[in-house]
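Data first, discussion second: the structure below is written as structure tokens.
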Amino acid sequence: MTAIVPDNLNPLEPGATLGVLGGGQLGRMFSQAASKMGYKVCVLDPAENSPAAEVSAYHVEAEFDDELALSNLAQVCDAVTTEFENVPADSLRFLEDKIPVYPPSHSVEIAQNRNKEKSFFKDHNLPVNSCAAITDASQLELAFKTMSGKAVLKTARFGYDGKGQQVCENITELQTAFESFGNVECVLEDFVPFDCEVSVVLARDVHGNIEAFPVVENQHKNGILDLCIVPARVPEEVQKQAVLVAKSLAEAMNYIGVLAVEMFVCDGAVSLNEIAPRPHNSGHFTMDACNYSQFDQQVRTLAGLPVARIIQYQPAIMYNILGDLILKNGFEWQALQQLDNSHVHIYGKAEARIGRKMAHANLLGNEVDSLLASIEAVITN
Ligand SMILES: Nc1ncnc2c1ncn2[C@@H]1O[C@H](COP(=O)(O)OP(=O)(O)O)[C@@H](O)[C@H]1O
Ligand SMILES: [Mg+2]
């Protein structure tokens, strides 16, 4: 695979304009990091108002496949990134002909489809659990027979926060699930009885230098990330494995930008779950616990600056604040804001809804157990 790098490797000067496809909270935090470094940001998003557009210099209000809008974006911007993986790969390729686009379309295209992702892992001898592509209901039985008796059917595309997936224990459940997804392309994964889940967020620059953030331990509730603990409470050997797998993957993809790699830990070994070609919810702790955040690294890699070496100042937990909490009787932001060493990042979304990510809180301190206890006290009150 050839490296996709600009002809001119000089970093963009402050004052340059960076584009971001998508206007959600990840775009917002990218924009905040960019403006700190003197860059202007142009958001492309179809919504009139969005968390990212609210804090950015420019907003192109259009669909992600609108060629005229993409041309305008390419004209306004010196480089473009994406904040979510479902941007059409054709739109990224269209932009790539005109300006640097990181991560490159080929990486985003793989991350958009769970089967492409899994094939990529297998082709590069990266650890992955038993799985099979399903394009027709007739393939379910044979695939299920090769697994442990419990499996997860996931739509190949557009799944997030546990949506578009179903745990199944027999063929009837599988057929019902496949039909309920509209008979679209799926992947069937063996159910992994993991000890814990971890992720590695890393950045790779145009020169191929890689810097990983510390390994994160992730706890999910109802398929949505609930809590992160960093450093992950797994043996050093497991942390090393996780970083090695993530770095090998980034190199194999010739990746440029910030990459998040989700993994399962089972009996002291890691295996890949999925990747995100962008900053990740599990990397939000970096905003307060590290010398550079994942968004700083996203800006740096996009602007052609070298990746920064990372130091984590203090152990941290990150708690996701969903609409569920905000809609609860008696919820008060102050309860979170008043905790010792807590940093609450609010995304500016107009309406709280069940399951909607509204904000997150980073808590820093040397005693992870007491950080967990103080969050617990606020959310159960
Ligand atoms: N094969 C599996 N075995 C066990 N648990 C799984 C499996 N796949 C997913 N999960 C659980 O569901 C969560 C969400 O699945 P994931 O594939 O990461 O999709 P999403 O795009 O929604 O994050 C995972 O973090 C994990 O907790
Ligand atoms: Mg996931």
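Tabulated data
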{"item": "Residue that is farthest from LYS221 (Cα to Cα), among those in region 149-160 that are surrounded by fewer than 16 Cβ atoms within 10 Å (Cβ to Cβ) and within 9 Å of ligand 1 (Cβ to nearest atom)", "result": "LYS150"}
{"item": "Failed item, numbered, when GLY208 is tested on (1) within 16 Å of ligand 2 (Cβ to nearest atom); (2) at pLDDT 95 or above; (3) at positive phi", "result": "(1)"}
{"item": "Residue in region 266-283 that is touching a residue at least 12 places away in the same chain (Cβ under 8 Å), assigned to a helix (DSSP H, G or I) and of a type in the set (Gly, Ala, Ser) present", "result": "yes"}
{"item": "Residues of region 151-174 classified as within 30 Å of VAL108 (Cα to Cα) and either of a type in the set (A, V, I, L, M, F, W, C) or more than 16 Å from ligand 2 (Cβ to nearest atom) (or both), total", "result": "8"}
{"item": "Matching option when the condition is in contact with an Asp or Glu (Cβ under 9 Å, 6 or more places away or on another chain) and of a type in the set (Gly, Ala, Ser), among ALA57, ALA69", "result": "ALA69"}
{"item": "Residue identified as assigned to a helix (DSSP H, G or I), more than 16 Å from ligand 2 (Cβ to nearest atom) and in the same structural domain as THR301 (by TED's automatic domain parsing) among ALA246, ALA250", "result": "ALA250"}
{"item": "Count of region 253-297 residues which are among the small types (Gly, Ala, Ser), more than 16 Å from ligand 2 (Cβ to nearest atom) and closer than 23 Å to VAL368 by Cα", "result": "3"}
{"item": "Qualifying residue in region 162-175 (condition: surrounded by fewer than 16 Cβ atoms within 10 Å (Cβ to Cβ), more than 8 Å from ligand 1 (Cβ to nearest atom) and in contact (Cβ under 8 Å) with a residue 60 or more places away in the chain)", "result": "no"}
{"item": "Region 206-241 - residue that is crowded, with 24+ Cβ neighbours inside 10 Å and outside any strand (DSSP E or B) and, of those, nearest to ligand 1 (Cβ to nearest atom)", "result": "VAL215"}
{"item": "Total residues in region 54-66, condition assigned to a loop (DSSP other than H, G, I, E, B), more than 21 Å from the chain's Cα centre (by Cα) and under 12 Å from LEU21 (Cβ atoms)", "result": "4"}
{"item": "The one condition in (1) more than 20 Å from the chain's Cα centre (by Cα); (2) crowded, with 23+ Cβ neighbours inside 10 Å that PRO51 fails to fulfil", "result": "(1)"}
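The values are calculated or read from the model by the stated rules, or taken from the named source; none is laboratory data. For clarity, every value in this text was computed on a predicted model and none was experimentally measured. Every residue, glycine as well, gets a Cβ built from its backbone with ideal geometry; the counts of neighbours run over all protein chains shown.
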